[in-house]
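A short reminder: the numbers here are calculations on the coordinates, not readings from a lab. None of the values given here were measured: they were computed from a predicted structure. Cβ coordinates were reconstructed from backbone atoms using ideal geometry, including for glycine residues, and neighbour counts include every protein chain displayed.
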Amino acid sequence: MGQDMAELGFGLMRLPLKSSDDQSSVDMDVLKQMVDAFMDAGLNYFDTAYMYHDGMSERAIGEALVARYPRDSFRLSTKMPIMMVSSAEEQERVFSEQLERCGVDYFDNYLVHNVSRNFYHTAQDLDTFGFLEGKKEEGRIRRLGFSFHDDADFLVQVLDEHPDVDFIQFQVNYLDMDAPSIESRRCLEIARSRGIPVIVMEPVKGGALANVPAQVREMFESEAPGMSPASWAIRFAASQEGVETVLSGMSDMSQMSDNLSFMKDFKPLDARELEVVSRAKEIIERSIAVPCTSCRYCMKGCPKDIPIAEYFALYNNMRNAPSAGLNIQVFYYRNYSRDHGKASDCIGCGRCEKECPQHLPIREYLKEVASAFESQ
Ligand code: SF4
Ligand code: SF4
């Protein structure tokens with residue numbers, strides 16, 4: 001590879017919860033144990049954001065990490081939510097609030113969050129990059145970058161306009177290397193050609209590559225007994241040249257222990273293993289119905305309170321494990337739709353699709369969900 005090995009970063013977007021219905025109910029005891037295990041393994045990079053867990057992720061890591069470890073023993077990153085700010089004053093207020101929430105006086109990495117065709121104009125109008133350069137000069141930010149959710153042509157445009165960023169963060173996983181709206185392979189090439197390090201997000205595609213079809217699970221198991229499907233996905237992302245960090249959004253100690261088991265002393269995939277991954281990709285592509293990463297960005301503005309991510313996960317499960325009679329996923333669907341909007345309640349306003357970093361045709365998929373679950 002001719003480069004430093006990629007390290008594992010702790011993504012703080014899917015933290016352990018006390019109540020699965022309440023994104024702000026972070027289970028602090030479990031989180032502290034996870035932080036300790038991560039630090040004990042010699043790893044120290046943590047990635048949060050203003051909007052994760054309804055604003056609680058930054059506070060939670062402040063309490064679980066910042067208040068319990070010396071400042072120079074870890075690296076912390078967070079992000080400016082350009083999809084939520086509308087004035088220079090608001091940017092200033094959000095940045096100050098983030099320092100206060102996390103309990104730090106500087107961030108090691110700081111990102112413009114969710115740079116895509118939908119939101120980039122806000123960053124340009126508000127001069128978000130210039131504002132953050134100022135924070136870097138003041139010593140409040142060590143390295144400045146952006147998280148990116150669009151295709152390779154748009155990445156070129158953003159980098160031409162902001163060539164001095166210290167890093168870029170985008171999605172790399174073995175399903176999306178050549179997906180038209182994501183183009184991870186081309187994005188990696190562009191970053192390498194400009195000498196900009198890459199931080200990978202969504203290596204397991206929101207859990208989809210942990211929860212693979214039985215045929216793939218068996219193939220992985222026979223190739224490398226005891227190695228989880230998630231381990232194949234994370235090692236694939238970490239094997240890409242130019243990647244400095246792979247973030248994994250760990251939700252419990254078992255995911256943490258699994259990740260540490262293979263990322264503590266990471267070895268890139270060899271040619272034979274890459275061939276196995278490419279066979280896995282073919283099988284998964286035939287079975288996955290909706291390539292949703294469960295990021296939930298789409299759900300906040302839905303006027304019908306439709307739990308889009310949950311419905312897509314149930315639909316994928318149903319398609320992955322079809323059954324002859326009434327499918328168990330139908331019961332979960334009925335539970336959710338008792339307190340939330342049904343898929344068929346969608347009025348087609350399109351608000352959700354503007355927020356979706358995966359550019360999914362959510363309205364069309366909801367029709368499929370409705371016909372799969374509401375006719376039974
Ligand atoms: S298009 Fe449907 S699912 Fe999307 S925000 Fe509007 S009502 Fe909600
Ligand atoms: S539909 Fe899109 S925005 Fe909504 S949870 Fe899935 S990937 Fe995220």
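For the chain, modelled as a GNM whose springs connect Cα atoms under 10 angstrom apart, the maximal fluctuation among G11, G226, G242 occurs at G226. Note on region 2-139: Cα-Cα pairs beyond 20 Å make up 49% of the total pair count.
Multiply the residue gap between S257 and N317 by 0.36 nm, knock off their C-alpha separation, and tell me the result in nm, one decimal place. The partial results should precede the final answer.
On the way: separation 60, 0.36 × 60 = 21.60 nm, distance 2.49 nm.
Between S257 and N317, full extension yields an extra 19.1 nm.
Using DSSP, restrict attention to beta bridges with both residues in region 7-287 and report what percent are antiparallel, rounded to the nearest 5. Mind showing how you got there, number by number?
Working: 1 of 33 bridges.
Of all bridge pairs located within region 7-287, approximately 5 percent are antiparallel.
GNM on the chain, alpha-carbon springs under 10 angstrom: the most fluctuating residue among S19, S344, S248 is S19. Contact order for the chain, expressed relative to its length and based on alpha carbon pairs under 8 Å spaced 6+ residues apart, stands at 15 percent.
Take the Cβ atoms of C349 and E285, set R0 to 41 Å, and the FRET efficiency comes out at 0.85.
Tell me, what is the percent relative contact order of region 308-373, built from C-alpha pairs under 8 Å that lie six or more residues apart? Walk me through the numbers before you get to the answer.
On the way: 35 pairs, mean separation 24.8, N = 66.
Reported relative contact order: 38 percent.
Annotation: the chain has a Kirkwood hydrodynamic radius of 21.4 angstrom, from the mean reciprocal C-alpha pair distance.
In whole angstrom, how far apart do the alpha carbon centroids of region 325-369 and region 9-26 sit? Computed from Cα coordinates, the inter-centre distance equals 22 Å. The overall shape of region 131-240, judged from the alpha-carbon gyration tensor, is prolate: a/c is not under 1.5, and a/b is greater than b/c. Legend note: in the chain, cysteines whose Cβ sits 4.7 Å or more from every other cysteine Cβ are C102, C187, C292, C295, C302, C346, C349, C356.
Among K79, K267, K342, the residue with the largest mean-square fluctuation in a Gaussian network model of the chain, with springs joining Cα atoms closer than 10 Å, is K267.
What whole number of Å gives the distance from the Cα centroid of region 205-265 to the Cα centroid of region 138-191? Cα centroid of region 138-191 versus Cα centroid of region 205-265: 22 Å apart.
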